[in-house]
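These notes concern the structure reproduced below.
The values are calculated or read from the model by the stated rules, or taken from the named source; none is laboratory data. This is a predicted model, so every value here is computed, not measured. Cβ coordinates were reconstructed from backbone atoms using ideal geometry, including for glycine residues, and neighbour counts include every protein chain displayed. Keep in mind that these areas ignore ligands, DNA and RNA; they rest on the heavy atoms of the full protein, side chains included. Shrake-Rupley method; radii C 1.70, N 1.55, O 1.52, S 1.80 Å.
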Amino acid sequence: MSRLDATFAGLRARGARALIPYFTAGDPSLADTAKLLLEASRQGADVIELGVPFSDPLADGPVIQRATQRALAAGVTLPRVLEMVRELRGDLTTPLVFMIYYNPILAFGLKAFCRTAVEVGVDGVLVIDLPPEEAAPLHAEADPLGLDVVHFVAPTTPPARMRTIARASRGFIYLVSLTGVTGERASLPPDLTDLLRTLRGVTTKPVCVGFGISTPEQSAMVGAHADGVIVGSAIVRLVERHAGSTALVPEVGRFLAALKAPLRGTEAAR
């Protein structure tokens, strides 16, 4: 059982849901990213998504695009992110998943990337631009090492393809709540629960919802139906606002605690 599998099994047993915050690695610096990951763990994050900066972030909205540009301008690369994780892993027990595009993995080398990721303590990868139909080479390297490859289901995915994606996905399934790029939304799509119900009908694997979730109220609403809630742009915007300030870590920590509160289930009674 992978660390992601164990995490979701534990959450289900406690009647809780996962909080999965997203951070862009190297924004505002790799040292600050390390501090933010530790704070996320302290505030109850169950899994952490770490975005690896890439020059063509086609799935990301303006907030995460700006974070990516800042990180790239500061010289952040995939090898440097892996090295940061290696140095941090002894102090960080929360499962860690890379949000990454396929080109940096190919440039690093599939086998070398998977081996290095596992060696430094990465638990899974979400490859944004890699459909499951083309993911066999990555699975061939990642699966034997226990590196979970998480796949995406979109609102436009028909049920038959949902089944294919669910079979291929390891750790959890990432359900994109809306069509479009990442970013905060004032409201979530009204048919999100129907979409979740359809996906539940083809798999028993954990389903986590991302894109658009930006408030504790939205976290509570999604957590009532999904196994996990993924929040990115709202956190990255806080990082942007408080970069260079001593308020950075505590401000992000307070927001994460508020997002996690409605997801604790029976944990809250302890």
Quiz prompt | Residues whose placed amide H lies under 5 Å from that of residue 48, excluding near-sequence neighbours | solution = 96, 97
Self-check item: Accessible area per residue, Å², the stretch 113-270 with all protein chains present, probe 1.4 Å
Solution: 41 Å²
Quiz item: Give or take rounding to whole Å, what are the principal axis extents of the alpha carbon atoms in the stretch 190-270, in descending order?
Solution: 47, 31, 21
Quiz item: Just the accessible area per residue of the stretch 1-88, please: how many Å² with a 1.4 Å probe?
Solution: 38 Å²
Quiz item: For the chain, what is the relative contact order in percent, using Cα pairs closer than 8 Å and at least 6 residues apart in sequence?
Solution: 25 percent
Quiz item: How much of the accessible area of the chain, in percent, comes from carbon and sulfur atoms when a 1.4 Å probe is used?
Solution: 54 percent
Quiz prompt | the stretch 95-169: relative contact order as a whole-number percent, Cα under 8 Å and 6+ apart | solution = 32 percent
Quiz item: If you plug each phi of the stretch 130-135 into the Karplus form 6.51 cos²θ - 1.76 cosθ + 1.60 with θ = phi - 60°, what whole-Hz ³J(HN,Hα) values come out, in order, with x for Gly and Pro?
Solution: 10, x, x, 5, 10, 9
Practice problem: In Å and from the alpha-carbon atoms only, list the Rg and Dmax of the stretch 1-59. | Solution: 13.7, 41
Quiz item: What residues have an amide H closer than 5 Å to that of residue 207, excluding those fewer than 5 places away on the same chain, when H is modeled at 1.01 Å from N in the peptide plane?
Solution: 173, 227, 228
Quiz item: Which entry in [x] 44, 41, 35; [y] 73, 62, 27; [z] 76, 44, 39 is this structure's computed Cα extents along the principal axes in Å?
Solution: [x]
Quiz item: So, in Å, what gap is there between the alpha-carbon centers of the stretch 132-151 and the stretch 1-72?
Solution: 20 Å
Quiz item: In nanometres, what is the gap between the two model label sites at residue 118 and residue 89, each 7 Å from Cα along Cα-to-Cβ?
Solution: 1.1 nm
Practice problem: For the stretch 7-146, restrict the atom set to alpha-carbon positions and state the Rg and Dmax in Å. | Solution: 14.8, 44
Practice problem: Any lysines with Cα under 28 Å of the residue 205 Cα? List them, leaving off those in the same chain fewer than 8 positions away. | Solution: 111, 260
